[in-house]
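Asks: Handing you a structure now.
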Amino acid sequence: MSDEGILIVGSPRSGTTLLRRLLDAHPSIACPGETNVFGAAARFLRRDPVAEGLEFGVLSGLALAGFEPDDVMGRVRDLAFGFMEDIAKRADKPRWAEKSAMDAFYLDEIRNVCGERVRYVAIVRHGLDVAKSVGDLCDRNDGYLPEFHEYVRRDSHRFVAFAKAWVDTTGAVLELAKERPDQTVLVRYEDLVADPVATMQRIFTSIGEEYVDGLVETALTKSSGAGLGDWKTYERPKVTSASIDRWKEFTPATLSLLAPIVNPTLEAAGYDPVPARPLPTPEQARRRFELDLAIRAMRARGPSGDEAAGDDA
Amino acid sequence: MALTADGIREYLAAELGVDTAGVENDTALFSSNVLDSFSMVDLIVYVETAGGFRMKPSQVNLDNLDSIDRMLAFAAKQAS
């Protein structure tokens, strides 16, 4: 098993940025802001199946030109690793780590590129808290990043789209942890913020480093270089659990939609399933809509405008 | 299913998460903001189902719905 590099992987909004700043605070590890190098490598190597098993993409195209896929993959890996090695050298640190939140959408291909030459620090977070946080991100950006836009195109209810994205990315992370247990340390966001010292001790032990006393307390107070997606961690000078259980702000109707989507993956990741009432039938939904309008009219009239009890009985 | 004071109180606690310890039969539920709009819809659906009637929009008012007593009185008028 190689210790060339460390990749932080997890669904976007799962605490990957927090992890990157905590890792970067270690004297032996340089973890810059999002470089998107590995996601770009994965997209470069993207394969689209066409007729009769042929895969359309750079590997097939170059194979037909005489370049073996392993050779191409190796060159792409050398390119990505080269940037990371230079970043570590500039930081005067022996090891590099990389975190780009959208990597979770390309994990299969990233695994192909990196092989056994990296260790993975994988993080999972409650899917509905992730969905809430993705909503915040999209509001902040006034739009959808391409990876999320693909889901929103298929589901106009945006939290349904975000929940499905979480299922796919977290599923990929769980699969990685299951298939490469010696190469991967898997943590939960909720455990990280509840006891960051213990969680980071476990992570550092797993990647062959000693925990440094005071690392957690000081990591967020010092700059670790600007990074895309860093905004929330720079707003908080210390690790906090303030973002846990925000999913409980969803209305019962939204939970009814989201629970069936996320519950299987929640349970696979060690969370309790979200309780939710069954979805209303179309007739029930129409009746609820009528009553909602009547209640709004009642509120607008106020106590003085009420009609006498028993009218129209 | 018949509409009863105990049934309404149990629904408030079990389905709407209302602490019914201080809820008397004449406690104002809607006008005192004990219930949000979503919960109001839920409660009216329950009252209609248990009482076996369907309210007209003009009947959705505080006089008919703002307390357990008022709901029972309205249900009794529907039945008679």
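The values are calculated or read from the model by the stated rules, or taken from the named source; none is laboratory data. Just so we're clear, the structure is a prediction, and the values are computed from it rather than from any experiment. All Cβ positions, even for glycine, are placed from backbone atoms using ideal geometry, and neighbour counts span all protein chains on display. For accessibility, only protein heavy atoms count, side chains too; no ligands or nucleic acids. Shrake-Rupley method; radii C 1.70, N 1.55, O 1.52, S 1.80 Å.
Asks: Below 10 angstrom from the Cβ of A:Leu107, what's the summed charge of the other residues (Lys, Arg +1; Asp, Glu -1)? Walk me through the numbers before you get to the answer.
Replies: On the way: positive: A:Arg111; negative: A:Asp103, A:Asp108, A:Glu109, A:Asp168, A:Glu175.
Residues close to A:Leu107 contribute a combined charge of -4.
Asks: Continuing with this model, one more query. Tell me, in nm to one decimal, what length is gained between A:Glu217 and A:Arg158 on full extension, where the rule is 0.36 nm per residue of separation less the Cα-Cα distance? Walk me through the numbers on the way to the answer.
Replies: Values: separation 59, 0.36 × 59 = 21.24 nm, distance 3.62 nm.
Full extension from A:Glu217 to A:Arg158 adds 17.6 nm.
Asks: If the convex hull of the alpha-carbon atoms of region A:260-306 is projected onto planes in all directions, what is the mean projected area in square nanometres? Write out the running numbers ahead of the final one.
Replies: Working: hull surface 20.4 nm².
With every direction weighted equally, the projected area is 5.1 nm².
Asks: Something else about it: Work through the residues other than A:Thr218 whose Cβ is under 13 Å from its Cβ and net out their charges, Lys, Arg +1 and Asp, Glu -1. Could you put the intermediate results ahead of the total?
Replies: Values: positive: A:Arg21, A:Lys222, A:Lys238; negative: A:Asp24, A:Asp213, A:Glu217.
Combined, the nearby Lys, Arg, Asp and Glu give 0.
Asks: Let me know the whole percent of all Cα-Cα pairs from region A:45-187 that are separated by more than 25 Å.
Replies: Numbers: 4526 of 10153 pairs.
Tail fraction, whole percent: 45.
Asks: Could you give the dipole magnitude of chain A about its Cα centre, charging the beta-carbon of Lys and Arg +1 and that of Asp and Glu -1, in debye to the nearest 20?
Replies: Roughly 560 debye for chain A.
Asks: While we're here: Which distance in nm do the two modelled labels at B:Ala21 and A:Asp71 give, with both placed 7 Å along the Cα-to-Cβ direction?
Replies: Those two pseudo-labels are separated by 7.8 nm.
Asks: Ok, one more. Picking from A:Ala25, A:Val216, A:Ile295, whose Cα lies most toward the positive end of the charge dipole for the protein assembly as shown (charges on Cβ: Lys, Arg +1; Asp, Glu -1)?
Replies: The listed residue farthest towards the positive side: A:Ala25.
Asks: I would also like to ask the following. Quick one: if you stick a label point 7 Å off each Cα along the C-beta vector at A:Ala297 and A:Glu210, how many nm between them?
Replies: Output for this residue pair reads 7.5 nm.
Asks: Can you compute the helix-only [θ] at 222 nm over chain A? Use -39500 (n - 2.57) per DSSP H run of at least 4 residues, normalise by all residues, nearest 500 deg cm²/dmol.
Replies: After summing the helix terms and dividing by residue count, I get -16000 deg cm²/dmol.
Asks: Give me the dipole magnitude in Debye, nearest 20, for chain B about the Cα centre, with unit charges on the beta carbon: positive for Lys and Arg, negative for Asp and Glu.
Replies: 380
Asks: Distance between Cα centroids, region A:5-26 to region A:153-176: provide it in whole Å.
Replies: With region A:5-26 and region A:153-176 each reduced to a Cα centre, they are spaced 20 Å.
Asks: A:Val197 label point, 7 Å along Cα→Cβ, cut-off 11 Å on backbone N: hits in region A:2-46?
Replies: none
Asks: If you take the alpha carbon radius of gyration of region A:44-119 and divide it by 2.2 N^0.38 Å, what ratio comes out, to two decimals?
Replies: Compactness ratio reported: 1.30.
Asks: Could you check the simple spin-label distance between A:Lys178 and B:Asn33, using points 7 Å along Cα→Cβ, in nm with one decimal?
Replies: 4.8
Asks: If you rank A:Arg20, A:Arg47 by how much accessible surface each has, with a 1.4 Å probe, what is the order from largest down?
Replies: Ranking A:Arg20, A:Arg47 by accessible area, largest first, yields A:Arg47, A:Arg20.
Asks: What residue among A:Trp96, A:Trp166, A:Val124 has its Cα farthest toward the positive end of the dipole of region A:75-194, where the charges are +1 on Lys, Arg and -1 on Asp, Glu, each on the Cβ?
Replies: A:Trp96
Asks: Right, here's the next one. May I ask for the percentage of alpha-carbon pairs in chain A that lie more than 35 Å from each other?
Replies: Tail of the P(r) past 35 Å holds 30 percent of the pairs.
Asks: Report, in debye and to the nearest 20, how large the dipole of region A:1-105 comes out about its Cα centre when Lys and Arg carry +1 and Asp and Glu carry -1 on their Cβ. Mind dumping the intermediate values first?
Replies: On the way: 13 positive and 16 negative charges, 110 e Å.
Charge dipole, region A:1-105, about its Cα centre: 520 debye, nearest 20.
Asks: With r as the distance between the Cβ atoms of A:Glu150 and A:Ser28 and R0 = 45 Å, compute the FRET efficiency 1/(1 + (r/R0)^6) and round to 0.05.
Replies: So the FRET efficiency works out to roughly 0.75.
Asks: So what is the calculated 222 nm ellipticity per residue for chain B, using -39500 (n - 2.57) for each DSSP H run with n of 4 or more, over all residues, to the nearest 500 deg cm²/dmol?
Replies: Helix-only estimate at 222 nm: -16000 deg cm²/dmol.
Asks: Mind jotting down a quarter of the surface of the convex hull over the alpha carbons of region A:1-129, in square nanometres, one decimal?
Replies: With the hull built on Cα positions only, its mean projection is 9.1 nm².
Asks: For chain B, compute Rh as the Kirkwood radius over C-alpha pairs and then the Stokes-Einstein diffusion coefficient at 37 °C and 0.692 mPa s; write the answer in µm²/s, rounded to an integer.
Replies: In µm²/s, the coefficient is 264.
Asks: Projecting each Cα onto the charge dipole of chain B (Lys/Arg +1, Asp/Glu -1 at the beta carbon, about the Cα centre), which of B:Ala73, B:Ser31, B:Thr20 comes out farthest on the positive side?
Replies: It is B:Ala73, whose Cα lies furthest towards the positive end.
Asks: Once Rh for region A:113-173 is found with the Kirkwood sum over Cα pairs, what is the Stokes-Einstein diffusion coefficient at 10 °C and 1.306 mPa s, in µm²/s?
Replies: 126
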